[in-house]
Amino acid sequence: MIMRIPAVVLATLALALPIFAADIPRPAPPITFPLVNGGSIDLAKYKGKVVALEFLNTTCPHCQKCSQALQKMQQEYGPKGFQALGVAINEMAHMLVPDYIRNYSLTYPVGFAQREKAHEFLQHPTMLIMYVPQLVFIDKKGIIRAQYPGGDKFYQDEERNMRSQIESLLKETGPSAAPAPAKKTVHSAKKSS
């Protein structure tokens, strides 16, 4: 006998999905991602720079758009101390990243990792669906100052919002700059890919 769950019960359960919040600001945990050429992205190497780290799926149109915006930011703000980084977390990413880089003319490092590694870095519970792109901004001291999950309003005007975030963090004077007061960034179950 197959039991059917009424739509009202499913809707109620969907509304009751747990919402979680990542601690912001928080120190960026040490993390390294392999590159397809055999090298690696070691986040610690970028301390002293403002970093935007995008966790992405190579087949996600929203991620592709985000990566293209990050490329513009890298060209404009790279000489001023900004570094864009990408990490593909979809299946077979190690095979898909070279075409992704070529198709979108990306000049910044794009590596790959298991999805679980992204969950841990982002403080995202593994039992919840993680929508991409996931964009993290890290200040010159290595502190995560902002984190935007897929579906966040940030992406409605992502280029302007990226520019604002980057410019604000670049104005800070490195180790002597105090992080913003502690707050929680709410992650929701909105779909972006």
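Each peptide in 50-57, 34-41, 89-96, 139-146 receives the mean, over its residues, of other Cβ atoms within 10 Å, and ordering these scores from highest gives 50-57, 139-146, 89-96, 34-41.
Please state the relative contact order of segment 19-187 as a whole percent: Cα pairs under 8 Å, 6+ residues apart? Display every interim value, and only then the final one.
On the way: 311 pairs, mean separation 57.6, N = 169.
It comes to 34 percent, rounded to a whole number.
What fraction of the DSSP beta bridges in segment 19-187 is antiparallel, stated in percent and rounded to the nearest 5? Display every interim value, and only then the final one.
Working: 19 of 29 bridges.
So the antiparallel bridges in segment 19-187 amount to around 65 percent.
Listed cross-link partners 45/153; 72/117; 72/140 are compared with a 24 Å cut-off, the Cα-Cα value being larger for 45/153; 72/117.
Tell me the trypsin sites (Lys or Arg not before Pro) within segment 28-98 that lie in a loop according to DSSP and have at most 16 other beta-carbon atoms within 10 Å. Walk me through the numbers on the way to the answer.
On the way: sites: 45, 47, 49, 65, 72, 80; in loops: 47, 49.
Taking segment 28-98 and a limit of 16 other Cβ atoms within 10 Å, the loop trypsin sites (Lys or Arg not before Pro) found are 47.
Between residue 26 and residue 153, the C-beta separation translates, for a Förster distance of 25 Å, into a calculated FRET efficiency of about 0.70.
Treating r as the C-beta distance of residue 160 and residue 94 and R0 as 30 Å, the FRET efficiency rounds to 0.35.
Applying 0.36 nm per residue to the separation of residue 35 and residue 128 and subtracting their alpha-carbon distance, the gain on full extension is 30.8 nm. Taking all Cα pairs closer than 8 Å and separated by 6 or more residues, the relative contact order of segment 40-135 comes to 36 percent. Candidate cross-link partners of residue 65 among the aspartates and glutamates, defined by an alpha-carbon separation under 16 Å and a same-chain spacing of 8 or more, comprise 54, 99, 152, 157, 158, 159.
Model label points for residue 65 and residue 120, set 7 angstrom from Cα along the Cα-to-Cβ axis, are 3.2 nm apart.
What length, rounded to one decimal in nm, is gained on full extension from residue 44 through to residue 173, with 0.36 nm per residue of separation minus their alpha-carbon distance? Show your work: numbers first, answer last.
On the way: separation 129, 0.36 × 129 = 46.44 nm, distance 1.81 nm.
Full extension from residue 44 to residue 173 adds 44.6 nm.
Only the coordinates and a few stated rules stand behind these numbers; no lab work does. Remember, predicted model here, so these are calculated numbers, not experimental data. Cβ: placed from backbone, ideal geometry, glycine included. Neighbour counts: every protein chain shown.
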